[in-house]
Each structure stands twice: as C-alpha cells, then as structure tokens.
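As structure tokens, the structure follows; a few thoughts come after it.
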Amino acid sequence: MIGATKVSLDTNILIYAVDSSQGSKHVVAGKILLRAAAAKQSLMLQSLNEFSAIVSRKQLLSLPALNRSIEFHRSAFVIEPPAIEDLFEAVKAQEEHKLAFWDALLWASVRRTGCRVLFSEDFPDGGEIGGVRFINPFRLSRGELQNLVS
C-alpha cells in the first residue's frame, strides 16, 4: 500500500523510528519509515521540524546524529514545505473538525500535496477528512501491517 498510495508520516512515526526504548512501536515505525523512504513518499517539513525539536530536547540523538538523520530524510523523501493556503485551511479545519492547530496545519499540508494517507497516532484511526485517511499503524494486526509494508 505504501508504494501504491501517496502517504505521509506524522512526527510520532519519525520519533519512534529512532527511539529504541519504544519497543514494538520502534519496530513498526522503523518498517513504515523505511518503506515510505524506499517509495520516495512525501514528508511534510512540519513533521521534520517537530522531529528535530523533540529529538534535541529529549536527547534521543546526538546533534551530529540528528544532522545525519535530517540528511537521510532530505534525500529519501520529497520534503514538502507549508504554504500560506495551508494556514487558512488549518484554521477552517480547527472549527469544522475540532482539530488542534498543529494537527490541522499538518493535515492541510498533507491534503494540498496530494497525500491520501497520513500515518499517525494523533488523529482518529480510520477517520478521513477531505480525502486524507488517518491510519494508526500501532493498532494494526500483524497481517494488516505486513500488507501495509510489503
């Protein structure tokens, strides 16, 4: 599915992929990250920015390792910056869909760039807004996960 459908990853997927203390979430996030990278999927600059801030604050990676990680993401994904239109859409989504602002902004960027799936544990699993479906990969069965990343 990841290779056939345009997808993006929320910050939590990026964090869990580098945080081995997260056990099964670390394993699942790593598989999704590598599969999305191999398919040259889109990654919102917002997710990469949040990832960098959290990794730095929690000291999950040294600064040189964080730089290498950012470079990996830059080379493996299509990095999509936000647009001013995303801000207007985010404010509208806050009211219409009761999303938190940063989630709404991420959703708006994902939608504008043509992604149809956002992997995240922060949105309603299986929900859909404006043609973007939310999948919490940590709630998938082993078979569903295998189909997702194969």
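Structure notes:
- Under Karplus coefficients 6.51, -1.76 and 1.60, residue-wise ³J(HN,Hα) of the stretch 87-95 in Hz, glycine/proline x: 5, 5, 5, 5, 4, 5, 5, 4, 6
- The slack between SER56 and ARG116, meaning 0.36 nm per residue of separation minus the straight C-alpha distance, is 18.6 nm.
- Partner aspartates and glutamates for LYS58 [C-alpha distance under 13 Å; skip if fewer than 8 residues away on the same chain]: ASP19, GLU50
- When HIS73, HIS26 are sorted by how many other C-beta atoms sit within 10 angstrom of their C-beta, beginning with the fewest, the order is HIS26, HIS73.
- Relative contact order [Cα under 8 Å, 6+ residues apart], the chain, whole percent: 27
- For the chain, the Rg and Dmax computed from alpha carbons only, in angstrom: 14.6, 42
- Placing pseudo-labels 7 Å out from each Cα toward the beta carbon at ARG74 and LYS6 gives an inter-label distance of 2.4 nm.
- As a proxy for reagent exposure, ranking GLU80, GLU128 by other Cβ atoms within 10 Å from fewest up yields GLU128, GLU80.
Where a number appears in this text, it was derived from the coordinates with a stated rule and is not lab data. Keep in mind that what you see is a predicted model, and the values were worked out from it rather than measured. With ideal geometry, Cβ positions are generated from the backbone for all residues, glycine too; neighbour counts draw on all protein chains shown.
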